[in-house]
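Asker: A single structure is presented below for examination.
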Amino acid sequence: MTEERSGEEQSIEMELGEAAVIKLPRSTSLERAGGGLLVSLRPYYEGVIHFTLFLCASISVLVTVGIVVVLLYESIQFFFDVSIIEFLTGTRWTPLLKPQHFGILPLMCGTMLVAGGSAIVAVPIGLGTAIYLSEYASPRFRDIVKPMLEILAGIPSVVYGYLAVVFVSPIIRYVFPSAGVFNAASACIVVGIMILPMIISLSEDILQSVPLSLRGAAFALGANKFEVTVRVVVPAALSGIIASFLLAISRAIGETMAVTLAAGATPKLTLNPLESIQTMTAYIVQVSQGDTPAGTVEYRTIFAVGLTLFLTTMTMNVIAQYILSRVGERYE
Amino acid sequence: MASTPSVKKIMQPSDKATSGYSKAPMVRPSIPEGKGMRTADELAQATEKISVRDMSFYYSENRALTDISLSIPECCVTAFIGPSGCGKSTFLRCFNRMNDMIEGTRVEGEILLEGQDIYSSRTDIVTLRKRIGMVFQKSTPFPKSIFDNVSFGPKIAGIRKKKELYEIVERSLQRSALWDEVKDRLSESALNLSGGQQHRLCIARALANDPDILLMDEPASALDPASTARIEDLIFELKEQYTIVIVTHNMQQAARVSDQAAFFYQGLLVESGATEELFTNPKKQQTEDYITGRFG
């Protein structure tokens, strides 16, 4: 039985083998000889794929344009009711209370207070960490810290917000009893921690991109590690480091959740971080979730504030990108 | 072997003592006979600046240099030649302990600078590197002004007075033959200089520390012939005051600028001696094969 079978199988294999051997060249020769149709659906597939991908790409462009148009349209409507001069120079912001005042300076001041305060927290720590990671740390330590930074960057901003209220704020009130429950300082601290990973990873990349040969040259001139770092590596990377600060601060300006929770809702023209303030983003949250009727001046304020916010962060991002793009040119 | 013409063959023994060296085909004719070139006798009489005794060098487990012994005479140019990867650059970087920056490197034996061990645990690396300056293969100007580049070393050494710094910068730039080209734009960025100028700037920067010894890792290997000629002229000028050690791939360059040459192959010092002697009458077959271009 087994022998017969194996014989059969063999013969089948033989046939198949022969068939394959004979058929293969035949089919290819047919194609080569032009036996196949020149017309196929392939060009259409290519076209469809091309168009689909184009559509994907244009969505982001269209959305951007759409947002800007809506912001501009509603803001222009707003400026029919409120003069642009009052908007930019007024020192009181009370659109939801009578008498109404539409001066954006208190909101602007709140935003800048939080942005500046968080920069004061994040810039020294961030730069110090970046220098340490790039110049001093062992590769093993760097391998531990870098994923930690990723985790820090992944913590939702609302978590930072309530940490500010339940943890940071009580500490501030313990040290400065005059501070309110909601105060700018706690917002500054948590937003500073939020933007820390961004400063560290961007600055560290830029420090790493300073050529090793430059460090070697400085060492060969008798510099010690600290002198090499401070006099050669950091100055060589300075423009990139500044750009990373700008990007981080622009993030702090746009930060919403943490400041809404931590900084309070009192538009105030003050630089005292212990007081409750309101930022532009927090105001937009307040109006958006409230019961302000759509179409009214009060409602349109959020578009004017949004536009102001958009222009501020965009300017900073553009400056930062411009500086960053020039860093690359220097070392080819 | 005999069919290929070697330097040995071109040189007639009678020429050697007088002008034989300048007749070697690789010698640049523009250098006047004997100008600055030390003879073998002068070399023998020169004071020993650096003495290397049975030195071996390891990159973790790999031995890169084996039992090197060499004497480097004062106010002479010593050239290290050999094919890529023979260890000549590694050896050069041992003199100012630049290899310390690479983890897992280790030195056995000793290198003495005027009798003091460079690798002693009590050696102050900063002082050592101020006495032994280095110019790298690739010019590495800092992204600062020309003035700040040259005054980098003195500033680190603690010189603060502007006038004193200016004098050092002027002297160093004059010695590196760059002063006339840059004296009106010292505050401009060094990155705006041409390749050759950047290289001379790096030499000036090394000279500003007032070293005794200048190490040059493939000077001018990335430069055009005119800039190379300037650097080589400069080496001739500088060796009156400095002890110079250069590493070069380019045998013609070694023949042109050096007084003493050392040929390295696979981490071994195959042969060393007066350049004239080594190039015209090499004792080892490997050396002859290399300088006649049979390998490497």
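Asker: Leaving ligands, DNA and RNA out of it, report the carbon-plus-sulfur percent of the accessible area of the range A:86-330 at a 1.4 Å probe.
Answerer: Carbon-and-sulfur percentage of accessible area, whole number: 69.
Asker: Follow-up. How much of the accessible area of chain B, probe 1.4 Å, is carbon plus sulfur, in whole percent?
Answerer: So the carbon and sulfur contribution to the accessible surface is 47 percent.
Asker: Right, another one. Which sequence of B:ILE102, A:ILE323, A:ILE200 reflects their accessible areas, 1.4 Å probe, from the largest down?
Answerer: B:ILE102, A:ILE323, A:ILE200
Asker: Which value, in nm² and rounded to one decimal, describes the direction-averaged projected area of the C-alpha convex hull of the protein assembly as shown?
Answerer: 53.6 nm²
Asker: Would you grab the residues whose amide H sits under 5 Å from the one on B:GLU110? Only those 5+ places off in sequence or on another chain, please, with H modelled 1.01 Å from N.
Answerer: B:ARG53, B:MET55
Asker: Given H placed 1.01 Å from N in the peptide plane, which residues other than close sequence neighbours of B:LEU269 have an amide H under 5 Å from its amide H?
Answerer: B:THR66
Asker: Also: Assuming R0 = 45 Å, what is the FRET efficiency of A:ILE151 and B:SER84, from their Cβ-Cβ distance, to the nearest 0.05?
Answerer: Efficiency at R0 = 45 Å is approximately 0.50.
Asker: Round to the nearest 0.05 the FRET efficiency obtained for A:LEU88 and A:THR64 when R0 = 22 Å and r is the Cβ-Cβ distance.
Answerer: For R0 = 22 Å, the calculated efficiency reads 0.30.
Asker: If one takes the accessible area of chain B alone plus chain A alone and subtracts that of the pair, with a 1.4 Å probe, what total in Å², rounded to the nearest 100, results?
Answerer: In total, this chain pair buries about 1700 Å².
Asker: Counting only heavy atoms of protein chains, what accessible area per residue, in Å², does the range B:189-261 have with a probe of 1.4 Å?
Answerer: 28 Å²
Asker: Where does helix A:280-289 land angle-wise versus the long Cα axis of chain A, in degrees 0 to 90, nearest 10?
Answerer: 80 degrees
Asker: Need the full-extension length gain, B:GLN252 to B:THR47, defined as separation in residues times 0.36 nm minus the C-alpha distance. One decimal, nm.
Answerer: Value of the extension gain: 71.2 nm.
Asker: Suppose all protein chains stay in the model; what accessible area per residue would a 1.4 Å probe give for the range A:204-332, in Å²?
Answerer: Computed with neighbouring chains in place, this is 42 Å² per residue.
Asker: With a cap of 12 neighbouring Cβ atoms within 10 Å, and only residues DSSP puts in a loop, list the GluC sites (Glu not before Pro) found in the range B:222-251.
Answerer: Filter output for the range B:222-251: B:GLU240.
Asker: Once both labels are modelled 7 Å past Cα along the beta-carbon direction, what's the A:ASN272-B:ILE102 spacing in nm?
Answerer: With each label point 7 Å from Cα toward Cβ, the separation is 6.3 nm.
Asker: Please go through the residue pairs B:LYS239/B:LYS284; B:LYS138/B:LYS162; B:LYS138/B:LYS161; A:LYS146/B:LYS138; B:LYS88/B:LYS284 and name each one whose alpha carbons sit more than 21 Å apart in this structure.
Answerer: Distance filter (> 21 Å) returns B:LYS239/B:LYS284; B:LYS138/B:LYS162; B:LYS138/B:LYS161; A:LYS146/B:LYS138.
Asker: Which of the helices in chain B, when you take each full DSSP H run, stretch at least 15 Å along the axis at their Cα atoms and have an average Kyte-Doolittle score of -1.0 or higher?
Answerer: Result, helices passing both filters: B:195-207, B:225-238.
Asker: Would you calculate a helix-derived [θ] at 222 nm for chain B, using -39,500 (n - 2.57) for each DSSP H run of n ≥ 4 and dividing by the full residue count, to the nearest 500?
Answerer: One gets -9000 deg cm²/dmol as the mean residue ellipticity at 222 nm.
Asker: Can you send over the solvent-accessible area of B:LYS155, 1.4 Å probe, protein chains only, in Å² to the nearest 10?
Answerer: Looks like 50 Å² after rounding.
Asker: What residues of the range B:175-216 lose no less than 20 Å² of accessible area with every protein chain in place versus their chain by itself (probe 1.4 Å, heavy atoms only)?
Answerer: Those are B:LEU191, B:ARG205, B:ASN209, which lose 20 Å² or more relative to the chain on its own.
Asker: Determine the residues within the range A:210-233 where the difference in accessible area between the chain on its own and the full set of protein chains amounts to at least 20 Å²; count protein heavy atoms only and use a 1.4 Å probe.
Answerer: Residues meeting the cut-off: A:SER213, A:LEU214, A:GLY216, A:ALA217, A:PHE219, A:ALA220, A:LEU221, A:GLY222, A:ALA223, A:GLU227, A:ARG231, A:VAL232.
Asker: How compact is chain A by the rule of thumb for globular proteins, expressed as Cα Rg over 2.2 N^0.38 Å?
Answerer: 1.56
Asker: Could you give each residue of the range A:193-206 its phi-based ³J(HN,Hα) in whole Hz, using Karplus coefficients 6.51, -1.76, 1.60 with θ = phi - 60°, and x for Gly or Pro?
Answerer: With coefficients 6.51, -1.76 and 1.60, one gets 5, 4, 8, 4, x, 5, 4, 5, 5, 5, 5, 5, 4, 6 Hz.
The values are calculated or read from the model by the stated rules, or taken from the named source; none is laboratory data. Worth saying up front: this structure is predicted, and the values here are computed from it rather than measured. All Cβ positions, even for glycine, are placed from backbone atoms using ideal geometry, and neighbour counts span all protein chains on display. Quick note on the areas: whole protein, heavy atoms, side chains included, nothing else; ligands and nucleic acids left out. Shrake-Rupley method; radii C 1.70, N 1.55, O 1.52, S 1.80 Å.
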